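Read the structure below first, then the notes.
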Amino acid sequence: MIVKKCGGLPLAAETLGGLLHYKETEEEWERILDSEILDFSHEDSKIRSVLMLSYSYLPLHLKRCFVFCSIFPKGYEFHKHQLVLLWMVANLLQKPKRNSITMEEIGYKYFNELVSRSFFQKSRGGGEESYFAMHDLIHELAQYVSRGHYFTLEDGNSKQVTMKVRHLVVASHVSDKTLDSVFQTTQLRTLLPSSSNSFDYLSNEAVNQLVSGLKILRVLSLSWCENFKELPETIGDLKYLLYLDLSNTLVETLPESVARLYNLQILKLSRCRKLTQLPNNMHRLLNLWHLDIGGSDNIKEMPKQIGRLKNLQILTGFVVGKDGAKIGELGELSELRGNVGLKKLENVANGEDASKARLANKKKLEELTFSWSDDTKDQEQATDMGVLEELLSGTELKRLNIIGYRGMKFPNCFRNPNTISSIVSIKLERCRHCQSLPALGELPSLKTLYIKQLDGVVRVNEEFYGTNGKFASLESLSFSSMSAWEEWNSTGVGVQDGEIFPRLRELLISDCDSLITVHLPQNLPSLTKLVIPSPLLTSTASAIGFAAEFLPTSLTHVEIKNCQNLESFPLHSLPNLAHLDFVACGSLKEIKDAGKSLSLSSLFIKDCPNFISFNEGRLKAPNLNSLTVEGCERLTKLPGQMPYLLPSLKKLWIINCPQVESFPAGGLPSNLNGLLVDKCSRLTANRTEWSLQTLSAFEYFDIRDESDANIESFPEMGLLPSCLTSLRIGPLASLTELDMMQLQQLPSLQSLDIQCCPRLTTLKVDGALEAPTLPKLRSLSIEDCQDFTSFTEGGLNAPYLNSIRVERCQKLTKLPGRMHDLLPSLERLWIIDCPNMESFPEGGLPSKLKGLLVSKCTSLIKNRNDWNLRALQALEFFDFRDDANVKSFPGKDLLPPTLTWLSIGPLASLKRLDMKELQQLTSLKSLIIKECPKLKKLPRLPASLTCLTINECPALKKRCQREKGKDWNIISHIPRIHIDHEPV
């Protein structure tokens, strides 16, 4: 009955099921069944009634957390950790009864309950990186029950912001005028951006005003506010502030008044690339428990007395200073948990000094990163080894990263598996002086091992495995950029074959150019992905590497590069192989399948000049989806009987295979979706025999040949199927005309791209056909066709054509005729380096045109006064560039007042911007001026501007300096100003 009442509506059933999951008795189920709320017949009403019913049965603490989410805009994606932190500072979480449970864990429990009840749904990602969102109808419910206390500020709704609003999120690209309404909401508790674009127009002055006006803020995020460089001293007056996020800003320092924020619990300063120091008296923030400085790599050192922050639980980084906090301050932070990165460990005096950090006492730490700076001079090797040993001893970690370690060997604690027995992941990087790897084989929980740039390691031998070590849990092993590594030998390990690496799924070796000898067990039962360098694979058993015939049968992914020892590859010995890549294998001649059906879904063969055969012409791979063959100069035939042996093939790329003459007998598979033929002159010479018209799923075709001498007109009658949607032509060295009569036979064609056809002169049209019709064409591009002189005289009849790009067609004199009439949907027109084009067509440009770019079109630009752009009431985007002729811009009545985005330059001769004409651009939001070396000053700019960008204009750069430049008063009203790619 309950299912019936959901009326077959998935969201209703899912939400109601989430509710019933928490009801254990029959009486509770019957009470829900009898609810009058479920008795609506209309679909929307029924869904909303189910959602309201589910909400009404939520416990009070979950209701409060759910209602808080009404602050987010519709479709907003949030991360579990981010939302839980906001719930915490909003005081929405019940305090745990046991001290062993943290408030975050309580928040995660609430979050998971709301997910299980279908109030939140996973939108993307996986595991800890998952993002969630609310269904639109659930979002409407949240807004309905929030009673106006939560609000999303967008352009157009600022008048709805009332004194009742307590929590506010700013949507993307909100204008400065809309943001002004925030300052009137003096009772605001929460101010957050919804995206990285929310505060595009928030200036540093506006931040000062905000801080001064919103005295009772609890939560303030200025994240991604790129115009913001410094907090005002008045930040210290926000005595109720609990949460401050300045991540991804250009803030350079924090005022000492931050230390007056005695209630502050969370301070986020991640990825502040210009931040160099923290406040000296930061130790006064006694309630601070979360400090995130991850990615703020220019912080020189931690402030002294930071160890007094006894409540600190999350500390993403600790920079050991010469004059600031010493590593011993960490010893006072007994509540630390999660992930901590210790930087500049060269400033730790010795092992005794390192022991003061007391990391072993911090049982809730899960990940540690130890790093030494790259630019420091080498100390005595024993010092670093002693420091590392003391930091590691007794820790119970899950993940360990060691970066820039300068010792010649790793400390003895690695030899004792009991010391770091809980570790599941280890990363060793840039330990350039180490001559041997630590003994890791006996670590019982180790799953991932990543080793990079250990340039002192020459041999990896039994020491790597430890005593009877077998890497029992290891699943992924990666070596990269090991410049001196020559040999990997496991023959001396006291473990039988099949017991070493029993769970290894991925083995990746890259950029290890000196590695020539590998003695690994032949039996790797779990291996599914193998990426190995050149000398390590041979056709038969070898003393130095892997024999292809003995590769583990479990493999699903193999990449082989620069392998000169391999002549044939036995596909039949790898029944589970799905992806196979060969690159630059000079001796490879064939692949064999011994008549067996293969599991391959992707096969990629590139730069294998001696490759001649796909299993004697037959490749039985019913699941093969993609086949690429490139640079196989001796190959004469593709796999035979493709429709039967390769029925799933959708993508076929054949590049630089000059000996291939034809497709196999029987044609191509009926499911083929895309075909590229490039530098295959014999194959293209026989193109009339390809039988592409029989391919009902064929949508994409790309034909190229720079040296071709046999394609003068294209396409021939009957070559291409009517279902084709995308066609790319060129380079084709001999093509002189494009047959529009044949293109008209492609009623589904949406994209036509013609490139590098230097002899193409025109689009061939039958005399009786005035304007060829391309009914579904959306995009047309013609580039690098030096002899192309004209389109069809009568124009192109393409009613849905949206975009035209014409570039480097030096002899082109005219665009298609009757554009205003035959191209009514055209919105984008790009004309680049067409110096002989003199004018736009008679009748002007299409009325719906939104974007126009004109660059290096000398004759056309000379006649710009005749463009009549003022008639284009939809034009919003204009990009104007020229080599040498324009001295003043814009000309009289050149631009329409509808423009919102204007880019000027390079203009080498430009000396003056016309103030009167610019002032008429009353809708202009963004102005870009670039590479105008002779432009000495700016006129008064439109008041509507919100963004000004100036690049490579040395005189303007000097005049537009903040507060000091002579033109600063002219531009100071503009919220976003960038000069030479830096915000001002």
Residue in the stretch 218-233 that is surrounded by the fewest Cβ atoms within 10 Å (Cβ to Cβ), counting only those that are modelled with pLDDT of 85 or more and charged (D, E, K, R): 233
Being within 27 Å of the chain's Cα centre (by Cα) and not in a loop (DSSP other than H, G, I, E, B) is the filter here; which residues of the stretch 248-274 pass it? 267, 268
Quick one: is residue 278 over 30 Å from the mean Cα position of the chain (by Cα) and buried (at least 21 other Cβ atoms within 10 Å of the Cβ)? yes
Hits in the stretch 896-911 - residues which are of a type in the set (A, V, I, L, M, F, W, C), out of contact with any Leu (no Cβ under 6 Å at 6 or more places or on another chain) and either within 20 Å of residue 850 (Cα to Cα) or not in a loop (DSSP other than H, G, I, E, B) (or both): 901, 904, 907
State yes or no: is residue 925 surrounded by fewer than 19 Cβ atoms within 10 Å (Cβ to Cβ) and charged (D, E, K, R)? no
With respect to residue 307, is the statement that it is open to solvent by less than 30 Å² (accessible area, probe 1.4 Å) and in contact with a strand residue (DSSP E or B) (Cβ under 6 Å, 6 or more places away or on another chain) true? no
Closer than 29 Å to residue 204 by Cα, polar (S, T, N, Q) and without any contact (Cβ under 8 Å) to a residue 60 or more places away in the chain: is that true of residue 858 in this structure? no
Which members of the stretch 616-642 meet the condition of being open to solvent by 40 Å² or more (accessible area, probe 1.4 Å) and under 27 Å from residue 749 (Cα atoms)? 625
Exactly one condition in (1) farther than 25 Å from residue 890 by Cβ; (2) in contact with a Phe, Trp or Tyr (Cβ under 9 Å, 6 or more places away or on another chain) is not met by residue 797; state its number. (2)
Quick check: anything in the stretch 588-600 at pLDDT 90 or above and buried (at least 17 other Cβ atoms within 10 Å of the Cβ)? yes
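So, in the stretch 68-101, of the ones that are among the hydroxyl-bearing types (Ser, Thr, Tyr) and part of a loop (DSSP other than H, G, I, E, B), which residue ends up surrounded by the most Cβ atoms within 10 Å (Cβ to Cβ)?
Applying the filter and picking the extreme gives 76.
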State all residues of the stretch 584-613 that are assigned to a strand (DSSP E or B) and either closer than 22 Å to residue 531 by Cα or free of Cβ contacts under 8 Å to residues at least 24 places away in the same chain (or both); if no residue qualifies, say none. 590, 591, 592, 602, 603, 604, 605, 606
What pairs come out if I take residues in the stretch 194-220 that are closer than 22 Å to residue 76 by Cβ and pair them with residues that are among the charged types (D, E, K, R) and assigned to a helix (DSSP H, G or I) whose C-beta lies under 7 Å away, six or more apart or interchain? 201/176
Report whether or not residue 709 is more than 20 Å from residue 618 (Cβ to Cβ) and modelled with pLDDT of 90 or more. no
Pick out the one residue from 286, 254 that is open to solvent by 30 Å² or more (accessible area, probe 1.4 Å) and aliphatic (A, V, I, L, M). 286
Here is a check on your reading of the model: is residue 879 of a type outside the set (Lys, Arg), within 23 Å of residue 933 (Cβ to Cβ) and either outside any loop (DSSP other than H, G, I, E, B) or touching a helix residue (DSSP H, G or I) at 6+ places or on another chain (Cβ under 9 Å) (or both)? yes
From 568, 534, 526, residue being out of contact with any Asp or Glu (no Cβ under 6 Å at 6 or more places or on another chain) and modelled with pLDDT of 60 or more: 526
Filter the stretch 890-922 down to the residues that are over 21 Å from residue 980 (Cβ atoms) and open to solvent by less than 10 Å² (accessible area, probe 1.4 Å), then identify the one that is nearest to the chain's Cα centre (by Cα). 899
Hey, any hits in the stretch 837-857 for a residue that's buried (at least 18 other Cβ atoms within 10 Å of the Cβ), at pLDDT 95 or above and in contact with a Gly (Cβ under 9 Å, 6 or more places away or on another chain)? no
Residue list for the stretch 870-889, restricted to those being surrounded by 19 or more Cβ atoms within 10 Å (Cβ to Cβ) and in contact with a Pro (Cβ under 7 Å, 6 or more places away or on another chain): 872, 875, 881
Is the stretch 106-128 home to any residue that is open to solvent by 60 Å² or more (accessible area, probe 1.4 Å), assigned to a helix (DSSP H, G or I) and small (Gly, Ala, Ser)? yes
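Just checking: which of the strands (runs of 3 or more DSSP E) contained wholly in the stretch 398-461 hold 2 or more residues that are under 22 Å from residue 500 (Cα atoms) and modelled with pLDDT of 90 or more?
Hits in the stretch 398-461: 425-429, 448-452.
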List the pairs whose first member sits in the stretch 441-468 and is in contact (Cβ under 8 Å) with a residue 24 or more places away in the chain, whose second member is assigned to a strand (DSSP E or B) and aromatic (Phe, Trp, Tyr), and whose Cβ atoms are under 7 Å apart, counting only residues at least 6 apart or on separate chains? 451/479; 460/488
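The values are calculated or read from the model by the stated rules, or taken from the named source; none is laboratory data. Fair warning: this is a prediction, and the values are worked out from it, not measured in the lab. Cβ sites come from the backbone with ideal geometry, for glycine too, and all protein chains shown count toward neighbours. Accessible surface is based on the protein model in full, side chains and every heavy atom, while ligands, DNA and RNA are left aside. Shrake-Rupley method; radii C 1.70, N 1.55, O 1.52, S 1.80 Å.
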